[in-house]
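Note sheet for the following structure.
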Amino acid sequence: MNESTAAARLAASWLLWYPDDALIQRIPEITQVVEECPPKVRTALRQFLAYLEEVPLLDAQRDYVATFDMKRKACPYLTFWTDGDTRNRGFSILRFKQAYLASGYDVGDAELPDHLAVVLEFAAIGNTLTGEALLVEHRVAIGLLREALHALGSPYVHVLDAVLATLPAMTPQIAERMAALAKSGPPVETVGLDPFPTAPASVEIGGRR
């Protein structure tokens, strides 16, 4: 993976976190990183940065909560799209954590390891090969999240456009899988399953803040 792809994924990771004062103060740094990204990614992230700069912070925070906390259809946890609230999801989440630990990258317990922002950060500054594999493996889930954000009219769709621009192009197989999952929805099985959070925590992860 080249440096521009890593820069794009790191910038996207930062921008997918809850917009607080720390993120706003980091906008100049993020803007500098964005300028190192490929043209398509740069255009998408510039659009989102313009949104953050134009909208009052309180409104941006409300938008974030309304998008990611209140609507499960825009869930940022990748295994939710494939495993839903089933027992299988616990095993899928564990695979992410084991992949990080095998690379000597401990994200701690502040956030679930399948949160897209965590995966992007790992792919950018952790183990790039393993991170790339995790992102490609969950290309369908990322695509479905992008479609959900587009349907909601959310500015976060620009961040997902940037993420997808760093991944292999859409194929008929990916499109077919996305259509099937979109039609059926995530599996549902709540018996014997501890609840998982549906929104990211605003705390330090992997040196992010």
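Values quoted throughout were computed directly from the atomic coordinates according to the rules given, and no laboratory measurement underlies them. It should be emphasised that the depicted structure is a prediction, and the values quoted were computed from it without experimental measurement. Every residue, glycine among them, receives a Cβ derived from its backbone with ideal geometry; neighbour counts consider all protein chains shown.
Quick check: residue separation of GLU29 and ALA151 times 0.36 nm, minus the Cα distance between them. What number comes out in nm?
40.9 nm
When its C-alpha radius of gyration is set against 2.2 N^0.38 Å (N residues), the range 3-184 gives a value of 0.98.
Placing a label point 7 Å from the Cα of GLU137 along the Cα-to-Cβ direction, the residues of the range 43-80 whose backbone N falls under 12 Å of that point are 79.
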